[in-house]
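Here the structure comes first, spelled out in structure tokens, and everything after it is commentary.
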Protein chains: 2
Amino acid sequence: MNPLLTIEACEGQARCGRLRTAHGELETPAFMPVGTYGTVKAMTPEELQGLGAQIILGNTFHLLLRPGPRVIAAHGGLHGFMHWQGPILTDSGGFQVFSLKSLRKLTEEGVRFRSPVDGSEVRLTPEDSMDMQLTLRSDIAMALDDCTEHPATEAQARASMERSMRWAERSYRHYYAGTPPGGLFGIVQGGMHVNLRLASLETLLRLEWPGLAVGGLAVGESEEERLAVLESLVPHMPADRPRYLMGVGRPEDIVAAVLRGIDMFDCVMPTRHARNGHLFTAAGVINIRNSIHQEDLGPVDATCACYTCRNYSRAYLRHLDRCNEILGARLNTIHNLHFYLDLMRAMRAAIRAGTLSTWAAQFLRSRRGTDAVA
Amino acid sequence: MNPLLTIEACEGQARCGRLRTAHGELETPAFMPVGTYGTVKAMTPEELQGLGAQIILGNTFHLLLRPGPRVIAAHGGLHGFMHWQGPILTDSGGFQVFSLKSLRKLTEEGVRFRSPVDGSEVRLTPEDSMDMQLTLRSDIAMALDDCTEHPATEAQARASMERSMRWAERSYRHYYAGTPPGGLFGIVQGGMHVNLRLASLETLLRLEWPGLAVGGLAVGESEEERLAVLESLVPHMPADRPRYLMGVGRPEDIVAAVLRGIDMFDCVMPTRHARNGHLFTAAGVINIRNSIHQEDLGPVDATCACYTCRNYSRAYLRHLDRCNEILGARLNTIHNLHFYLDLMRAMRAAIRAGTLSTWAAQFLRSRRGTDAVA
């Protein structure tokens, strides 16, 4: 099976292991920095590697519009185009299309929408999404799903989930019709309705997915709703296959999901927050734009070993941000990605040591109410 | 004398040597990347070093406004603030103040202007400029000069030059009143009038400057005017001290000036051009935004050994530029700075080998009419 998961340690529901792909192995639980347009914003591939990123995510929707499939195909896929030699997961484009709302038209065939780039009409069916992801030659592709709105009644969530299941099968048939370069993950939908989530999983399991994702979360639900879905769903997901929670999230959300058996994460938060001057620290998020940092000679986080914290003061980072300097976005991104990737390293080590639950309790306690500290 | 120049090879008027400063040596002829706000835009100090930059320029005017002297002083100077451990030259701020035009008021005392950042009134006298440069603790500081407008009548140019000479002496007295961390360069003015240029030099030479600059060029004059000034002036400048041509310029301008005995250069062109998608190549400047690069799998310059050319296609760089990606500005800047710094390496080697004139003739021929090729 490609990719292939090997579980090496467990603690409660949490697991630690390795996922083997055509472009190398990654350790799980894993965080995937988001490389929307064929670049993790502000970073080179070598810098990402240096930070410990073992897999990145590419956005099919964005790459379909710019530069489009022809240019990527000419480079032999996304790896060659962007000079990243490690594993790549691509999403299906569905999530972005659905967030276009009024600009899209949904039918059983798929979605049609106006390109936000040039206004032209673009079609995205399950087959189109697979073709684009095959062109990208990602190591892990995602089935096209119908992203259930939130909140949704049970009837709405059911109809949406059932369409997702039909699209999942079409995705699967199309992706595996040839000799794909990677593996395709199915996506469990069903909104906040546990019965629908379980029905979705049961439907998906009629096919041999090398991994499964939980979609339709991080859409505005409460933490309780999200954790309730995970707690009822994840124990039923195949233990021998990777479980990917899409689009989540804050560090504390990731920790909570690892405790509940999730292996893979992606989120724009570390990179986007960085460009907005929001920096993660052991004591919570600081806003580097705040004037209290104006003459602060100390690093962002005295406990952090990243390049930014080893070499630059808060005052300098605040200055770069005020002057809209590219280096500011870079140094902030390095710091935030280091924070996330270090968090994953710490959790993997804790699972291996059997200390995750104590580690997590302490981590979550230290971060309570620390959002936007200063 | 600090900094101290050692000339190691000459060919015609051209010289190759080493300039020793408090933060290490640099080889001449040298190009100084411009770090306006305490950062060479888009680059880390380590990347600059990797490209072979041996000295950078900081802008006193910009740093005076943001973050201001207090913050820099708290970091012990500009080196500590920006994490660059090599030599730094700072300009006086004069050039930027004069380009404010209607927002400034010029008197014998100095200049007063409205801060473009917050509208407050700021004063810049020779003493103020020295104080700020002493706070920056640059290895090479520049005297405050009155930047002669172009074109200027002889009377205008004389009055302006004479004020510059009075300010130069005030700069010198103030800078050397204590124990400065570096050395102060005087600036020859006089517009396009050779007699005024020689008079300016004669006046300056009454004081012991460790180096001299040619100011008031790169202000819109023709190439002939600029070279005429250099050819009449440079042979009279002390051979044992570094000669710095301020704000010049295009690669061909730098080569022409090295042939005429100039040792040091600064220009925003490689970094600014990079952010606008204009990339230097052996065959001329290309515009990466041009649609002919859309599917071009080749590097910017097949003869170039920079990180960008070794790893990325023109198509990818064009894509990054179109998507306004930070990585695009970075990769372009790496390439352009490599081009400039490599040019300086090539000229230093040619002077040592006694082949500069043939090298330069070929270089200038290959670039004739190559601006904005594609």
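Tell me the residue from A:54, A:49 that is over 17 Å from residue A:96 (Cβ atoms), away from every other protein chain (no Cβ under 14 Å) and touching a Gly at 6+ places or on another chain (Cβ under 9 Å), please. Show your work before the answer.
Details: A:49 fails: away from every other protein chain (no Cβ under 14 Å).
Going through A:54, A:49 in turn, just one is over 17 Å from residue A:96 (Cβ atoms), away from every other protein chain (no Cβ under 14 Å) and touching a Gly at 6+ places or on another chain (Cβ under 9 Å): A:54.
Considering only region A:265-374, give the helices (runs of 4 or more DSSP H) lying wholly within it that have at least 2 residues that are within 14 Å of chain B (Cβ to nearest Cβ), at negative phi and surrounded by 18 or more Cβ atoms within 10 Å (Cβ to Cβ).
On the way: elements: A:269-275, A:307-311, A:314-322, A:326-353, A:356-367.
Filter on region A:265-374 gives A:269-275, A:307-311, A:314-322, A:326-353.
So which of B:138, B:171, B:129, B:160 is touching a Gly at 6+ places or on another chain (Cβ under 9 Å), over 26 Å from residue B:21 (Cα atoms), buried (at least 21 other Cβ atoms within 10 Å of the Cβ) and not aliphatic (A, V, I, L, M)?
Working: B:138 fails: over 26 Å from residue B:21 (Cα atoms); B:171 fails: over 26 Å from residue B:21 (Cα atoms); B:129 fails: over 26 Å from residue B:21 (Cα atoms).
Selected residue: B:160, the only one of B:138, B:171, B:129, B:160 that is touching a Gly at 6+ places or on another chain (Cβ under 9 Å), over 26 Å from residue B:21 (Cα atoms), buried (at least 21 other Cβ atoms within 10 Å of the Cβ) and not aliphatic (A, V, I, L, M).
Have a look at A:168, A:152 and point out the one that is in contact (Cβ under 8 Å) with a residue 12 or more places away in the chain, touching a strand residue (DSSP E or B) at 6+ places or on another chain (Cβ under 6 Å) and of a type outside the set (Ser, Thr, Tyr). So that I can check it myself, show each step before the final result.
Values: A:152 fails: touching a strand residue (DSSP E or B) at 6+ places or on another chain (Cβ under 6 Å).
Exactly one residue qualifies, and that residue is A:168.
For region A:247-256, indicate whether the set of residues that are part of a loop (DSSP other than H, G, I, E, B) and over 12 Å from the mean Cα position of the chain (by Cα) is non-empty. Walk me through how you get there before you give the answer.
So in region A:247-256, the residues part of a loop (DSSP other than H, G, I, E, B) come out as A:247-250.
From what's left, over 12 Å from the mean Cα position of the chain (by Cα): none.
Within region A:247-256, not a single residue is part of a loop (DSSP other than H, G, I, E, B) and over 12 Å from the mean Cα position of the chain (by Cα).
Can you tell me which residue within region B:57-69, out of those that are among the aliphatic types (A, V, I, L, M) and touching a helix residue (DSSP H, G or I) at 6+ places or on another chain (Cβ under 8 Å), is nearest to the other protein chains (Cβ to nearest Cβ)?
Going residue by residue through region B:57-69, those that are among the aliphatic types (A, V, I, L, M) are B:57, B:63-65.
From what's left, touching a helix residue (DSSP H, G or I) at 6+ places or on another chain (Cβ under 8 Å): B:63-64.
On the way: B:63: 9, B:64: 13 Å.
It comes out as B:63.
Mind checking whether some residue in region B:70-81 is within 9 Å of chain A (Cβ to nearest Cβ) and more than 23 Å from residue B:124 (Cα to Cα)? Don't jump to the end; show me each part of the working.
Step one: of region B:70-81, the residues within 9 Å of chain A (Cβ to nearest Cβ) are B:70-71, B:74-75, B:80-81.
Filter again for more than 23 Å from residue B:124 (Cα to Cα), leaving B:80.
The answer is yes; a qualifying residue exists.
Of everything in region B:214-232, what is within 13 Å of residue B:262 (Cβ to Cβ), within 19 Å of the chain's Cα centre (by Cα) and free of Cβ contacts under 8 Å to residues at least 60 places away in the same chain? Give them in sequence order.
Listed by number, the residues that qualify are B:214, B:217, B:218, B:226, B:227, B:229, B:230.
So which strands (runs of 3 or more DSSP E) stay within region B:114-221 end to end and still have 3 or more residues that are over 20 Å from residue B:68 (Cβ atoms)?
Result: B:183-188, B:211-214.
Which pairs do you get when a residue that is among the small types (Gly, Ala, Ser), found in region B:4-24, comes within reach of a residue that is surrounded by fewer than 17 Cβ atoms within 10 Å (Cβ to Cβ) and not in a strand (DSSP E or B), reach meaning Cβ atoms under 9 angstrom, with the pair 6+ apart or on two chains?
If the second residue must be surrounded by fewer than 17 Cβ atoms within 10 Å (Cβ to Cβ) and not in a strand (DSSP E or B), the pairs left are B:9/B:352; B:9/B:353; B:9/B:354; B:12/B:357; B:14/B:357; B:22/B:2; B:24/B:85.
Taking region B:35-50 as the region of interest, how many residues are touching a Ser or Thr at 6+ places or on another chain (Cβ under 8 Å) and within 19 Å of residue B:345 (Cβ to Cβ)? Working first, answer last.
Initial filter on region B:35-50 (touching a Ser or Thr at 6+ places or on another chain (Cβ under 8 Å)): B:40-43.
If we keep only those that are within 19 Å of residue B:345 (Cβ to Cβ) too, we end up with B:40, B:43.
Selection size over region B:35-50: 2.
State whether the residues of region A:93-104 include one that is in a strand (DSSP E or B) and either more than 16 Å from residue A:167 (Cβ to Cβ) or not assigned by TED's automatic domain parsing to the domain that holds residue A:38 (or both).
Initial filter on region A:93-104 (in a strand (DSSP E or B)): A:104.
From what is left, the residues that are either more than 16 Å from residue A:167 (Cβ to Cβ) or not assigned by TED's automatic domain parsing to the domain that holds residue A:38 (or both) are none.
Within region A:93-104 (the criterion being in a strand (DSSP E or B) and either more than 16 Å from residue A:167 (Cβ to Cβ) or not assigned by TED's automatic domain parsing to the domain that holds residue A:38 (or both)), the answer is no, since none of the residues qualifies.
For region B:27-38, indicate whether the set of residues that are under 24 Å from residue A:310 (Cβ atoms) and of a type in the set (Val, Ile, Thr) is non-empty.
The answer is no; no qualifying residue exists.
Since residue A:232 meets every condition but one in (1) crowded, with 20+ Cβ neighbours inside 10 Å; (2) more than 22 Å from residue A:99 (Cβ to Cβ); (3) of a type in the set (Ser, Thr, Tyr), which condition does it not meet?
Residue A:232 satisfies every listed condition except (1).
Residue B:242 is checked against (1) out of contact with any Leu (no Cβ under 6 Å at 6 or more places or on another chain); (2) under 21 Å from residue B:26 (Cβ atoms) and fails just one. What number does that condition carry?
Condition (1) is where residue B:242 drops out.
Can you tell which of A:146, A:118 is farther than 24 Å from residue B:308 by Cβ, within 18 Å of the chain's Cα centre (by Cα) and of a type in the set (Asp, Glu)?
Numbers: A:118 fails: within 18 Å of the chain's Cα centre (by Cα).
Matching residue, one of A:146, A:118: A:146.
So, residue A:15, is that one surrounded by fewer than 20 Cβ atoms within 10 Å (Cβ to Cβ) and assigned by TED's automatic domain parsing to the domain that holds residue A:248 or not?
Details: surrounded by fewer than 20 Cβ atoms within 10 Å (Cβ to Cβ): no; assigned by TED's automatic domain parsing to the domain that holds residue A:248: yes.
No: the conditions fail for residue A:15.
Does region A:26-47 include one or more residues that are surrounded by fewer than 22 Cβ atoms within 10 Å (Cβ to Cβ), farther than 27 Å from residue A:327 by Cβ, more than 14 Å from the chain's Cα centre (by Cα) and at pLDDT 95 or above?
yes
Hey, residue B:35 hits all of (1) within 16 Å of residue B:268 (Cα to Cα); (2) touching a Gly at 6+ places or on another chain (Cβ under 6 Å); (3) more than 14 Å from chain A (Cβ to nearest Cβ) but one; which does it fall short on?
For residue B:35, the failing item is (3).
So that you can scan it fast, the table gives a plain yes or no per residue for (1) touching a Gly at 6+ places or on another chain (Cβ under 9 Å); (2) free of Cβ contacts under 8 Å to residues at least 40 places away in the same chain; (3) closer than 21 Å to residue A:33 by Cα:
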position	(1), (2), (3)
A:236	no, yes, no
A:262	no, no, yes
A:270	no, no, yes
A:277	yes, no, yes
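The values are calculated or read from the model by the stated rules, or taken from the named source; none is laboratory data. For clarity, every value in this text was computed on a predicted model and none was experimentally measured. Every residue, glycine as well, gets a Cβ built from its backbone with ideal geometry; the counts of neighbours run over all protein chains shown.
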